[in-house]
Structures are given as C-alpha cells and as structure tokens.
Amino acid sequence: MEYMTDPVKHTPGHILCCDCGVPISPNPANICVACLRSKVDISQGIPKQVSISFCKQCQRYFQPPGTWVQCALESRDLLALCLKKIKAPLSKVRLVDASFVWTEPHSKRLKVKLTIQKEVMNGAILQQVFVVDYVVQPQMCGDCHRVEAKDFWKAVVQVRQKTLHKKTFYYLEQLILKYGMHQNTLRIKEIHDGLDFYYSSKQHAQKMVEFLQCTVPTRYKASQRLISQDIHSNTYNYKSTFSVEIVPICKDNVVCLSPKLAQSLGNMNQICVCIRVTSVIHLIDPNTLQVADIDGNTFWSHPFNSLCHPKQLEEFIVMECSIVQDIKRSAGAGMISKKHTLGEVWVQKTSEMNTDKQYFCRTHLGHLLNPGDLVLGFDLVNCNLNDEHVNKMKSDRVPDVVLIKKSYDRTRRQRRRNWKLKELARDRENTDTDDERQYQDFLEDLEEDEAIRKNVNIYRDSTIPVESDTDDEGAPRISLAEMLEDLHISQDATGGEEEEEKDIENPKDFPEEKEYYEAGEKTVQWSSSRKADTRYMY
C-alpha cells in the first residue's frame, strides 16, 4: 500500500532584533534596518555642501585643476562635474544612483541626490539616500580676465582696404556675425581704414585669416615679435601680427582693366562696373552685358583701381530709353548676364536742366529705366581721370557717362524699412559723419541685390509696423519671408538657457508632468520641456 504525503514546506525562520526586539529575517548583523541605520552612517565623510565655481561672462564651470567647461543646466556633463568634486570620499562606498533635484533657476544652488551602498557589521549591506547641496559661486575665468583687461593678446589680425567707402567692411561684418567668427576675439577695434581683431592665441588668428580668404579677395603677410624667452626650458613668447589687405574695389565702382587682363576675360571692354564683391570681384561690361569674375590672385597679378570716388556720383534724368535686342553680336566670346538688360539711353544732369546738353550711353540697367526716372552715374567727360590704363585708351573707347543704379527717395525708404541688422561690439577710434551715409548705401544694396542678401542674416524690426509690399515709387524691398525673428536668449545664474518670454520655474506649470509631481518623491523623465536624457528628482 502506498501513502501519498504532502511535501514539507520549509519557511524561513525569524529572529528578534537584538536591540529593539522586532521580528526580522536573519542577517549577519542580527539587527533590523532601523537600528542599523541609527548606529551606522555610511555617508559619513562625504560632504553634504560643496562649492562650485561659475564664470558669468562665458557661462562655464571650473573643473579642477585648471579647466573651464561649458555645461547646460542639469545635464550629464554637469552631473559628472559635481560627482568629481566628491570623488575621493565616494571611492569608499558604492555609488548606485545619482540624479538632480530640481531647484529654482536663480537660486545658485545645485542639489544632487545620491544613493550609495556599503558593507557593514559582519557583511551586511546597507543602502542610504542623501542629498548633496552645491553652492554656485561666481568666479571670473582667466580668458575673461584677459578680455576685460583688453591689453593681453598674443595675436592680432589687421584688416585693411585702401578705399574711401566701407561697403566691403559692412558686408564682411555680417558674415563674421553669421558664422560666429567673433567669439574668440579679446577685442575688436575700428580705425579709419579697417578693423583690428585681437586674440589670445595664434591659432584663433590663423582661423580668422583663413575665413577672410574664403569670403573676400585678400592677401596677407605674417610677422611676429619676441616678447620673452626662457633659455633653460627653450620656450619663447611671441606676439604675432597678420596684415590682411582686401582688394581696393567696392560695389558700384567703375574700373579700367589692363588690355592683357581684358583680353584674357573673353576680350571684353576695359571700362567695366563692379556689381558686387564676394569671394571674387564680379564685373559687368555696360556696353555688352559681358560678365567676368576675378579672384584675388588674378587681381594682384593684374591690379586695377577705381576711376571715380563715390562722392562723384551725379544724378541724371532719363530722357529716352530703348532696349538693345541683338547683344550677342557685340559681346564677343564672354558670358552674357541674364539678370540685366542692355539699353541705350539719353540722359541729362539734373543740375543742368536749364540747358540742352544731353549725354548718350549704353547701360546694363535697361530693365529698370524709363523716361523720367532718376539714375546715378559718373560723368567721365568732365572728370579728371588719372589712370595709366585710361590714358592709353582711345578717346572713342571711353564712354561719356557710366550709369550705376536707379535713384529712389532715400527718406521714404528709411521710413518704410521694417528690418535691421546686428553689429559687432567694437571700439571706435573716431566717428565720421560720412559713416551713416555709407551704411545707408549698404542697406540699399541689400534691398537691391538678392545675391548679397542670401549671405546676410536679416532680422525683423518689431518697432516698425508691417506695410504692404507695393510701393508707388517701385523701390525694391525685402520680403518678410527673408527675415528672421530676433530671438533674445539669456543665461541664468547657473548657466542654463532661459527664454525671455516665459520662465520655467515650477513643474506644475506643465500638465503632462503634473501626475509625476503629485506622486511624491520619484525619479521621472521629462518629455518635451526638458532634455530627455536627464533625470530629475522631486
């Protein structure tokens, strides 16, 4: 006969805590967790309040022994930096978890919640959770000290252009702002014929020189001066100087090419108009619409100068205008501009309206001019031209008048201009009354030339109301689609980005995370309002 018996179920026994007598499961210490925590503090020796240095100027934290690092608020990099401040005490325990505890953005406090474990009393493992408070103390870093001193520099880039108009510098300024090439500068000084960029290292200056070579036609010379030396360690301290010269040609200049250069460019005429200056010089022949691009090396091999000063521009009125249809026959072998129209016009100076003297010329502005329009140009007949190439030309090859651009009412254009540009923070040696006029000329060039406008960040001016794009005068304007919103993002006391329009101060302001906040002290992961890879404790 067989007997069926139930298997014996062994249940772990319980013992009483040797201190308080509470039934507990057996452990190596034979003490309950509450009594064990009251006797042993595994966080002893770990500082509960630590100071951390923060530079307000460059928004960086100090990482010993001598490094300043950029960290966003409550990021992984900042958490690693905080843990390194207490690395030695933490080496005696096992770090299980670490996360930030939310604090006010302007409290200058960073709270890190740590979970540690340690073996105590006969092999018992005790886990403890505590918060370390980091006090953010302001301290200026060495780089910012040099910036504020304004006299400690290792390299300088001297940008010069031998012209009387600053159109190229205004264009270059916008390119520097767009690509952030001014961030490493210690100081920017403006003088009458250029700009000086001061740097704390030679590498930053060389990077600026390479940027200038890619944006405008230039040539440069480098030199250095010995400041100090150490013969024992064979170290030398130099100050480097980079002299950068921009080609002396600006937009709307009338130039005369050498016969050899004109022949190499498709046998175009020697008298040309500069329509823009970017990484190359863009020229157009007003008689044939033939265009050519001249880079810096070609210019320095066959240099040429501007024939007339911008102040010599005169105002003409169009009496007659006709479009030239067959232009390929007179254009030679060069490329023809498709954005311009060749026209034959009779013009008369507005200052000579009481006379019958008129001038005949060909122009590349045939698509813009109509009888009665005002146009700006150079009078080459009554102008004293002192140029070696012009003096060798035949008189019938030199035009009487070269028209540059159509004239509009400047006062009306300034009043209707609903956009603005940013400027570099620089020290001005002296203020010239003609600078404002030259700056207005540059703004008008942006409105009239779409090719230059593509390389410039244009911002919407909220102080000026939006008007209709139609204009009775027909002056070109910049559309709202080409403008950017001028966003102002400030930095808070601990280096985090803070929007100007809305302050993120309380997690209860976000409905999608309200349930996590009300659930008590819990590690949550923010979905949209914070960085997704950062954990927060409440």
Exercise for review: Mind checking the per residue accessible area of segment 152-246 for me, 1.4 Å probe, whole number of Å²?
Suggested key: 52
Review point. Taking the Cβ-Cβ separation of R94 and Q203 as r and a Förster radius of 56 Å, what is the calculated FRET efficiency to the nearest 0.05?
Key: 0.80
Check your understanding: Alpha carbon centre of segment 208-284 versus segment 44-73: separation in Å?
Key -> 44
Point to revise | Principal axis dimensions, segment 235-350 - Cα atoms, whole angstrom, descending | key: 73, 37, 24
Check your understanding: Counting Lys +1, Arg +1, Asp -1, Glu -1, what net charge surrounds K92 among other residues with beta carbon under 13 Å of its beta carbon?
Key -> +1
Review point. When the solvent-accessible surface of protein heavy atoms is calculated with a 1.4 angstrom probe, in what order do E245, E148 fall, highest first?
Key: E148, E245
Review point. Which far-off residues, 5 or more places away or on another chain, put their amide H under 5 Å from the one on I281, with H placed in the peptide plane?
Key: I294, D295
**Study point:** Amide proton proximity set for L257, modelled H, under 5 Å, gap of 5+
**Key:** I271, C272
Review point. Could you state the per residue volume, in Å³, of the convex hull enclosing the Cα atoms of segment 312-415?
Key: 149
Exercise for review: Please go through the residue pairs K311/K422; K357/K392; K251/K405 and name each one whose alpha carbons sit more than 20 Å apart in this structure.
Suggested key: K311/K422; K357/K392
Point to revise | Extended-chain gain in nm, criterion 0.36 nm per residue less alpha-carbon gap, D434 and F130 | key: 102.8 nm
Practice item. Heavy atoms only, probe 1.4 Å: what % of the accessible area of segment 47-142 goes to carbon and sulfur, would you let me know? Key: 50
Check your understanding: How are the C-alpha pair distances of segment 149-197 spread across 10 Å bins, as whole percents from the shortest bin up?
Key -> 23, 54, 22, 1
Point to revise | Length added when fully stretched, V33-K178, from 0.36 nm per residue minus Cα-Cα | key: 46.0 nm
Exercise for review: With a bin width of 10 angstrom, please list the P(r) values of segment 404-451 as percents of all Cα-Cα pairs, from the 0 bin to the one holding the largest distance.
Suggested key: 18, 51, 26, 5
Point to revise | Residue-by-residue Karplus 3J(HN,Hα) for segment 285-294, coefficients 6.51, -1.76, 1.60, Hz, glycine and proline x | key: 8, x, 8, 10, 6, 6, 10, 8, 10, 10
Study note, to complete from the structure: Relative contact order as a percentage, segment 152-246, C-alpha pairs under 8 Å and 6+ apart, gives 39
Exercise for review: Can you send over the carbon and sulfur percentage of the accessible area for segment 282-410, probe radius 1.4 Å, protein chains only?
Suggested key: 46
Revision key, fill the gap. So M353 and S233, fully extended at 0.36 nm per residue minus their Cα-Cα distance, gain in nm 35.3 nm
Check your understanding: How large is Rg over Rh for segment 175-264, taking Rg from the Cα atoms and Rh as the Kirkwood inverse mean of 1/r across Cα pairs?
Key -> 1.11
Revision key, fill the gap. Distance in nm between S51 and Q414 label points, each 7 Å along Cα→Cβ, equals 5.4
Review point. Could you give the nm distance between label points at N370 and M483, where each point is 7 Å from its Cα heading toward the beta carbon?
Key: 2.7
Exercise for review: Quick one: which residues, 5 or more positions from R187 or on another chain, have an amide H under 5 Å from its amide H? H modelled 1.01 Å from N in the peptide plane, none for Pro or chain starts.
Suggested key: Y198
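The values are calculated or read from the model by the stated rules, or taken from the named source; none is laboratory data. Every value quoted in this text rests on a predicted model; they were computed, and no experiment measured them. Neighbour counts are summed over all protein chains in view; Cβ atoms, including those assigned to glycine, are modelled from backbone coordinates with ideal geometry. Heads up: the accessible areas ignore ligands, DNA and RNA and are worked out on the full protein's heavy atoms, side chains in. Shrake-Rupley method; radii C 1.70, N 1.55, O 1.52, S 1.80 Å.
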